[in-house]
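Notes for the one structure printed next.
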Amino acid sequence: MTKVYELQEVSKTYRNDGKEFEALKNVSLDVNEGEIFGIIGMSGAGKSTLVRTLNRLEEVTSGHVLFYDKDLASLNARELRKVRHSISMIFQSFNLLNQRTVIENVEQPLRIAGVPRRERRAKAREMLKVVGLEEKEKVFPARLSGGQKQRVAIARALAADPKVLLCDEATSALDPKITGEILDLLKTINAERKLTIVIITHEMAVVEKICDRVAIIDNGELAEIGDVKEVFSDPKSNAAKKLVFPSNPFAPSSEEGTLIRIVFDGTKSSEPFIANLVEKTGLKVNILSANTRSVGGIGYGQMVLELPSDLSEQEKIISFFVEGGLSVSEVERND
Ligand code: ADP
């Protein structure tokens, strides 16, 4: 597998007015060619800082960012310009030039690269077709919807024939339906053009819908990394659990009863399990929260249950779930 990026113990400390702030702490991860890689975390976790190290918009304080085995920090200005040409980026705020038409915006990276007018116009038209906006080439950005503006930004990003596309909260300003359409477009581009995509987001739904692998960033640190299905169906770190299973809206009925989390996949529905439990064992559990989601077309779900205080009853209930092939783990009260 070819690595597009290899981050080796990347740290970033911001220094302002004599104050220091560690925004990234020893982050090591790889991005593989052809994958859609998600980076998710709460606001302030360090995601933007991280993505900006990927094209050296941000210099790292220590560690290395290798792009196709080359340390970005070792490049001189000319080499860096060349490498940046193969790393495109799209943003939450689209960053279009408002005084230029749609097609002029798409042509912009080609103009900077010195591509002759006729050639860049043809390329820009081709890219507008890819994003479904060939009808809008003479329109100014102010006349476009948010989703259309992001399509123009994607066409512009593709015009340079990049090796990788970095997306910094690219759908965060869009409503869910338009977000879905933009993500579908990115997925198609990834599949058809074999373009590696790195997506920074605070939204689980974005990662679930299109990412192959995900890294969870928490407080500047890499909390967890893996296949989306694995991380989201059975999160190991506290940061991942917090993201995947947001705080429980139901309070437990007593202070001391044991809480468990059961995780099941799309082949098993949660409801018969609970009904069968009562039927087979005569024991009841208190459902504190239930949550199902679809990851890559397969349904996953989890429930937090409060067990009766009797230990032998607890054992019976847990064995029932385990024998049914569910993953069962104990939940801390203040998770
Ligand atoms: P995220 O994208 O996950 O919201 P950021 O990478 O933007 O997080 O920011 C991570 C932390 O670094 C935040 O606490 C932010 O205030 C701080 N930070 C970001 N940029 C700077 C800067 N230029 N100077 C000082 N602190 C910064």
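Which one of SER88, SER93, SER11 is open to solvent by less than 40 Å² (accessible area, probe 1.4 Å), more than 20 Å from LEU222 (Cβ to Cβ) and either touching a helix residue (DSSP H, G or I) at 6+ places or on another chain (Cβ under 9 Å) or within 16 Å of the ligand (Cβ to nearest atom) (or both)?
Residue meeting the stated conditions: SER88.
Of the residues in the range 161-176, how many are under 16 Å from GLU208 (Cβ atoms) and more than 16 Å from the ligand (Cβ to nearest atom)?
1
Enumerate the pairs (first residue in the range 187-215 and within 16 Å of the ligand (Cβ to nearest atom); second residue anywhere and at pLDDT 95 or above and aromatic (Phe, Trp, Tyr)) with beta-carbon separation below 6 Å, excluding pairs fewer than 6 apart on the same chain, so at least 6 apart or on different chains.
VAL198/PHE37
I need a count of the residues in the range 259-286 that are modelled with pLDDT of 70 or more and either farther than 15 Å from PHE321 by Cα or in contact with a strand residue (DSSP E or B) (Cβ under 6 Å, 6 or more places away or on another chain) (or both).
Here the count works out to 7.
Hey, could you check the range 15-38 for residues that are near the ligand (Cβ under 9 Å from one of its atoms) and in contact (Cβ under 8 Å) with a residue 24 or more places away in the chain and say which is surrounded by the fewest Cβ atoms within 10 Å (Cβ to Cβ)?
The qualifying residue surrounded by the fewest Cβ atoms within 10 Å (Cβ to Cβ) is GLU22.
Identify, from the list ILE189, ILE200, the residue that is surrounded by 18 or more Cβ atoms within 10 Å (Cβ to Cβ) and over 30 Å from THR13 (Cα atoms).
Residue meeting the stated conditions: ILE189.
Of the residues that make up the range 153-160, is at least one open to solvent by 20 Å² or more (accessible area, probe 1.4 Å) and part of a helix (DSSP H, G or I)?
Yes, some residue in the range 153-160 is open to solvent by 20 Å² or more (accessible area, probe 1.4 Å) and part of a helix (DSSP H, G or I).
List the number of the failed condition for PRO109; all other conditions in (1) closer than 30 Å to LYS209 by Cβ; (2) modelled with pLDDT under 95; (3) within 16 Å of the ligand (Cβ to nearest atom) hold.
Status for PRO109: all satisfied but (3).
For the range 52-84, how many residues are open to solvent by 60 Å² or more (accessible area, probe 1.4 Å) and either within 16 Å of the ligand (Cβ to nearest atom) or of a type in the set (Phe, Trp, Tyr) (or both)?
Selection size over the range 52-84: 5.
Considering only the range 7-26, how many residues are β-branched (Val, Ile, Thr) and within 10 Å of VAL65 (Cα to Cα)?
In the first step, residues of the range 7-26 are kept if they are β-branched (Val, Ile, Thr); the result is 10, 13.
Retained after the next criterion (residues that are within 10 Å of VAL65 (Cα to Cα)): 10.
Going through the range 7-26 one residue at a time, the tally reaches 1.
On the given criteria, is ARG293 more than 15 Å from LEU307 (Cβ to Cβ), modelled with pLDDT of 90 or more and either outside the structural domain of THR179 (by TED's automatic domain parsing) or open to solvent by 20 Å² or more (accessible area, probe 1.4 Å) (or both)?
Spelling it out, it is not the case that ARG293 is more than 15 Å from LEU307 (Cβ to Cβ), modelled with pLDDT of 90 or more and either outside the structural domain of THR179 (by TED's automatic domain parsing) or open to solvent by 20 Å² or more (accessible area, probe 1.4 Å) (or both).
Among the listed residues LEU222, LEU243, identify the single one that is at pLDDT 90 or above and hydrophobic (A, V, I, L, M, F, W, C).
Only one candidate passes the filter, namely LEU222.
Consider ARG56 carefully, then state whether it is more than 22 Å from ALA240 (Cα to Cα) and at pLDDT 95 or above.
Yes; evaluated as a whole, the condition is true for this residue.
If you go through the range 39-51 one residue at a time, how many are touching a residue at least 24 places away in the same chain (Cβ under 8 Å) and either open to solvent by 50 Å² or more (accessible area, probe 1.4 Å) or touching a Lys or Arg at 6+ places or on another chain (Cβ under 6 Å) (or both)?
Going through the range 39-51 one residue at a time, the tally reaches 6.
The values are calculated or read from the model by the stated rules, or taken from the named source; none is laboratory data. This structure is a prediction, so every number in the text was calculated from the model and none was measured. Note that we place each Cβ from the backbone using ideal geometry, even for glycine, and neighbour counts take in every protein chain shown. Keep in mind that these areas ignore ligands, DNA and RNA; they rest on the heavy atoms of the full protein, side chains included. Shrake-Rupley method; radii C 1.70, N 1.55, O 1.52, S 1.80 Å.
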